[in-house]
Amino acid sequence: MSTPDTVVHLLRHGEVHNPQGILYGRRDGFHLSELGQKMAQRVADVVGDRDITHLVSSPLERAQETAAPLAKRLELTPTLDERVIESWNDFEGKRFARGDNALRDPRTWLKLYNPRKPSWGEPYKEIVARMMAAVDDARLAAAGHEAVIVSHQLPIWTTRLHVERRSFLHDPRKRQCTLCSMTSFHFVGDRLTQVSYSEPAGDLIPAKDRKAPFSAGDAPEQLKP
């Protein structure tokens, strides 16, 4: 197996202050919670000594706030990239908290007829197209080194499903993409050879936010040619 020469890390943002349980999507005004800020700092402390030469962030506040401690540690200015923004969703702005869950409204069910696309939001294929374009640009910008892209759970997870040649149809509760986790793409030249996953702020993640079994040092998965 060839040794990767460039790595692009997809970093999910930290915990957001959202006491009303709103699906905030692309809305402005949703910032990291106090815990989310601690998570972002922990990421900077854990990976700040790595050979990261390029830093990209979604333009949404929670992503920029997650990138800030790492940017300071690395002395890098993050590039804001609309291509790594959260996916759009017809349910944006609705509440999904206990006792007031929009999914209990029969009118909502009309949007759920095709989970493979999905019928209620941005098509998975479109998410992948924009995310992979951003990944390719980051790979070129950090050639021979490492890059970090701060993005959001669904875009990151969908992109991972794509490169691992898995079905987009999945249970959102089982996404291996917890708060401030890193999904890392390992390249040899322009060829993506491995995917790995880690949680630099894993010890700070509340139990309720763990979507999949955690391993702080998951071994890279070699991709099939």
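Suppose all protein chains stay in the model; what accessible area per residue would a 1.4 Å probe give for segment 1-54, in Å²? Display every interim value, and only then the final one.
Working: 2760 Å² over 54 residues.
Heavy-atom accessible area per residue stands at 51 Å².
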task = Round to the nearest 10 and report in Å² the accessible area of V43, as given by a 1.4 Å probe over the protein chains' heavy atoms.
result = 0 Å²
query = What's the extension gain from E92 to L23 if we count 0.36 nm per residue and subtract their Cα-Cα distance?
reply = 24.3 nm
query = When the accessible area of segment 130-209 is computed with all protein chains present and a 1.4 Å probe, what percentage of it is carbon and sulfur?
reply = 53 percent
request  = Roll a 1.4 angstrom probe over the protein heavy atoms and tell me the percent of accessible area of segment 23-71 that is carbon or sulfur.
outcome  = 45 percent
request  = Work through the residues other than E61 whose Cβ is under 12 Å from its Cβ and net out their charges, Lys, Arg +1 and Asp, Glu -1.
outcome  = 0
inquiry  = On a full-extension model of 0.36 nm per residue, what is the gain between E164 and H145, subtracting their alpha-carbon distance, rounded to one decimal in nm?
reply    = 4.6 nm
message = Using Cα-Cα distances under 8 Å and only pairs 6 or more residues apart, what relative contact order does segment 1-87 have, in percent?
response = 30 percent
query = Roughly what would the spin-label model give for D171 and E126, points 7 Å off Cα along C-beta, in nm?
reply = 2.9 nm
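The values are calculated or read from the model by the stated rules, or taken from the named source; none is laboratory data. As the structure is a prediction and not an experimental result, all values here were calculated from the model. In this analysis, Cβ positions are derived from the backbone assuming ideal geometry, glycine residues included, and neighbour counts consider all displayed protein chains. In case anyone asks, the SASA skips ligands and DNA or RNA and just uses the protein heavy atoms, side chains included. Shrake-Rupley method; radii C 1.70, N 1.55, O 1.52, S 1.80 Å.
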